[in-house]
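To start, the structure under review is shown below, and the notes come after it.
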Amino acid sequence: MTINSEFSLIQHYFEQLTLSREDVILGIGDDCALLQCPADHVLAVSVDTLVEGIHFFADVDPQTLGHKSLAVSLSDLAAMGAKPAWFTLALTLPEINETWLQGFSQGLALLAKQHNIQLVGGDTTRGPLTVSIQVHGLVKPEQAIKRNGAKLGDMIYVTGTLGDAGAALQLKLNQWHDENLTPEDQDYLQQRLEQPTPRLQTGEDLIGIASSAIDISDGLLADLGHILNKSQLGARLDLSKLPISPVLSKISRDMAENLALESGDDYELCFTVPPQHFAEMEQRFSGMCTRIGMITDDKGIYFIGDNDELRNLNTTKAGYDHFK
Ligand SMILES: [Mg+2]
């Protein structure tokens, strides 16, 4: 196959991603896309790269990989309260495999459509399988939810449940096994790892309520740590409040707590809420978000244990460090 026919083949698979948003003045097909940003909004931009063998397994289903590649970037938009608009895709492929392209583009297309985000440009090269996606979202500058806004006395919340993706990863790596988990349980965990749900609606709904937010990609402790660093504050967490899924509740509480605190890839949101919004928070988000602690002025993260005793966290254990 010539380079040209390879290119048109790839283009064919990604044409299904071309929704037609009115703010796309010129989409794929020229040197640049031309995009109309509303006058009172700014662009929220984020890029993520997934590399085979580092961020996903070589045998992963291409459709779930398509989903996850976009989901992890959408999750960053969610954490800012931004609305998805456009994305670009850089794909490095070891070979042209039509079955793979079909599945991958399908996974991408389904999630893109769900969130009305349009593919507006891309690049393909040959090499080890790597997916880079840059997302562009829209947000009013004064409404973007940043990491540095937490204040003393704010409550700390998370969406969904934590630790599922980490449990799936350990199962996959054969580092752990629990006989209480049925095959269906394991499927659930695997889906949480491979097809995370970006919390975009919640992110938008938190505008005007949350004082700071982050998405949990590297683990609760590591990501909450970013909020605390940026806000120059500390936190006290109530371990008994950590939201654990029914499936993960089948394993030992200690293990589930460790996964919830330290394992990444859940793509839930962690955010802080000031006292004047507590009531609204409990009312509007009940069942979707869990209060897990509060912001304090002693630096570091402390746990409230069973007897209300405070335990300090060994921060060197917190989260996943890509360069370790
Ligand atoms: Mg993030």
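Sequence-distant contacts, meaning Cα pairs under 8 Å at least 6 residues apart, place the relative contact order of the stretch 147-317 at 41 percent.
Does the chain come out rounded, prolate or oblate by the C-alpha gyration tensor, with a ≥ b ≥ c the root eigenvalues, rounded set by a/c under 1.5 and, if not, prolate when a/b is larger than b/c and oblate if not?
Numbers: a/c = 2.29, a/b = 1.40, b/c = 1.63.
Judged from the Cα gyration tensor, the chain comes out oblate (a/c at least 1.5, b/c at or above a/b).
May I ask you to list the GluC sites (Glu not before Pro) in the stretch 1-94 that are in a DSSP loop and have at most 16 other Cβ atoms within 10 Å of their Cβ? Sparse-neighbourhood loop GluC sites (Glu not before Pro): E22.
In the structure shown, the pairs K83/K140; K83/K241; K68/K172; K83/K113 are assessed against 20 Å; a Cα-Cα span above that value is assigned to K83/K241. With respect to the chain, whose longest principal axis is taken over its alpha-carbon atoms, helix 253-262 is tilted by about 60°. Give the relative contact order (percent, whole number) for the stretch 1-154; include only Cα pairs under 8 Å separated by 6+ residues. Averaging sequence separation for qualifying contacts and normalising by length gives 36 percent for the stretch 1-154.
Per residue, the chain reaches -10000 deg cm²/dmol at 222 nm when only DSSP H runs of four or more residues are counted, each adding -39500 (n - 2.57). Once the Cα atoms are used to define both axes, helix 220-231 deviates from the longest principal axis of the chain by about 80 degrees. Against the chain, whose longest principal axis comes from its Cα atoms, helix 3-14 is set at around 50 degrees.
Just so you know, all these numbers are worked out from the coordinates, no wet-lab data involved. Predicted, not measured: the structure shown is a model, and the values here were computed from it. So basically every Cβ, Gly included, is an ideal-geometry build from the backbone, and we count neighbours across all protein chains shown.
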